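Read the structure below first, then the notes.
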Amino acid sequence: MFGGGYKGSKLRVNLRLAINRLKLLQKKKTEQAVKARREIAEYLRNAKYDRARIRVEHIIREDYMVEAMEVLEMYCDLILARFGLIETMKYCDEGLSESVCTLIWVAPRLQADIQEMKLIADQFVLKYGKTFGEQARTNSNGAVNERIIHRMGVQAPPRALVENYLVEIARSHDVAFEPDPDSMLDDGIPPCPNEKSFFPYGDDFRGGNHGGGGGGGMAAPPPAFPTAHHAQPPPPTMDHRAPPVVSPAHPAAMAHGSRDGPWTVPENSVPPPSHSALPPYPSNGAGLPSSTGLPVS
């Protein structure tokens, strides 16, 4: 059945071939999806909505398959990078268990398109035993990637996802289309996201309606704590009167304050400075100030 025992060189070669074939299939399916989207746009333009929805389900499955192939390609690269662990260890390493079990699980589902997957799975079974292979095929050990299981499942895609695909296809091809509101609501998606009720915080969170720099995203939410506003200093004045003196021991302030806080002396209680009381500036006798600042005898 397996054509002999385990051969590491055969496993390595088939892993590399599988990576190349996965890349080619991804490119092929992506090009087919672009062509299929143009056909769906024509269906929408001609009001053939039921036929368009059936075609969209096929596109969704193809997108799922492309996504699964990307993960499988990553797993093959990982196994090649850690191929030394497979050669030296008798049991499957814990870090490679998910990759190995996933490749064994997808082998019967992809062997029609990628024949190397069956050869890879056979080599892993020869290496780790039939019991390990059976657990991986049935996922009884729970090691298979859940994302791969979902993407390669046979269940129909959600109706809301189908409607969203149709909306995006119609938008990219400039076709008028209104999604089915019942399908959108059944999956918890609001039918009209542009309504004001969709924005519970008002128009400030819509973005693009206010000036300012940035990329037009949502406005910044209000701060969680109030920020301190620093008081600006008063503008300068021509008043030469001395500022009020704050002193807790000033007797004139006792009548205007309390003992629990500072007292401010009324400005009328402090006489303004007199220019005649200032000492004369030292002069050189000619009415000019002395250059040394010392009194002139």
Quick one: Ala136 ticks every box in (1) within 35 Å of the chain's Cα centre (by Cα); (2) closer than 26 Å to Leu24 by Cα except a single one, so which number is it?
(2)
Every residue in region 138-166 that is buried (at least 16 other Cβ atoms within 10 Å of the Cβ) and more than 30 Å from Tyr43 (Cα to Cα), please.
Asn139, Ala143, Val144, Asn145, Ile148
Across region 1-47, what is the total count of residues that are among the polar types (S, T, N, Q) and either touching a Leu at 6+ places or on another chain (Cβ under 8 Å) or free of Cβ contacts under 8 Å to residues at least 24 places away in the same chain (or both)?
4
Among (1) open to solvent by 10 Å² or more (accessible area, probe 1.4 Å); (2) farther than 22 Å from Asn139 by Cβ; (3) among the aliphatic types (A, V, I, L, M); (4) touching a residue at least 12 places away in the same chain (Cβ under 8 Å), the one test that Ile59 misses:
(1)
Just a yes or no: is a residue in region 72-83 modelled with pLDDT of 95 or more, open to solvent by 80 Å² or more (accessible area, probe 1.4 Å) and under 30 Å from Glu168 (Cα atoms)?
yes
Go over the candidates Gln123, Gln135 one by one and state the one that is in contact (Cβ under 8 Å) with a residue 12 or more places away in the chain, open to solvent by 10 Å² or more (accessible area, probe 1.4 Å) and either in a helix (DSSP H, G or I) or out of contact with any Cys (no Cβ under 7 Å at 6 or more places or on another chain) (or both).
Gln135
Have a look at Lys10, Lys23 and point out the one that is surrounded by 16 or more Cβ atoms within 10 Å (Cβ to Cβ) and at pLDDT 90 or above.
Lys10
Kindly indicate which of Tyr91, Tyr43 is at pLDDT below 95, closer than 23 Å to Leu166 by Cβ and among the aromatic types (Phe, Trp, Tyr).
Tyr43
Would you say Gly153 is of a type in the set (Gly, Ala, Ser), modelled with pLDDT of 50 or more and part of a loop (DSSP other than H, G, I, E, B)?
yes
Say whether the condition of being closer than 30 Å to Gln123 by Cβ and in contact with an Asp or Glu (Cβ under 6 Å, 6 or more places away or on another chain) is met by at least one residue in region 74-88.
yes
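The values are calculated or read from the model by the stated rules, or taken from the named source; none is laboratory data. Every value quoted in this text rests on a predicted model; they were computed, and no experiment measured them. Quick reminder, even Gly has a Cβ in these numbers, built from the backbone with ideal geometry, and neighbours come from all protein chains shown. Accessible surface is based on the protein model in full, side chains and every heavy atom, while ligands, DNA and RNA are left aside. Shrake-Rupley method; radii C 1.70, N 1.55, O 1.52, S 1.80 Å.
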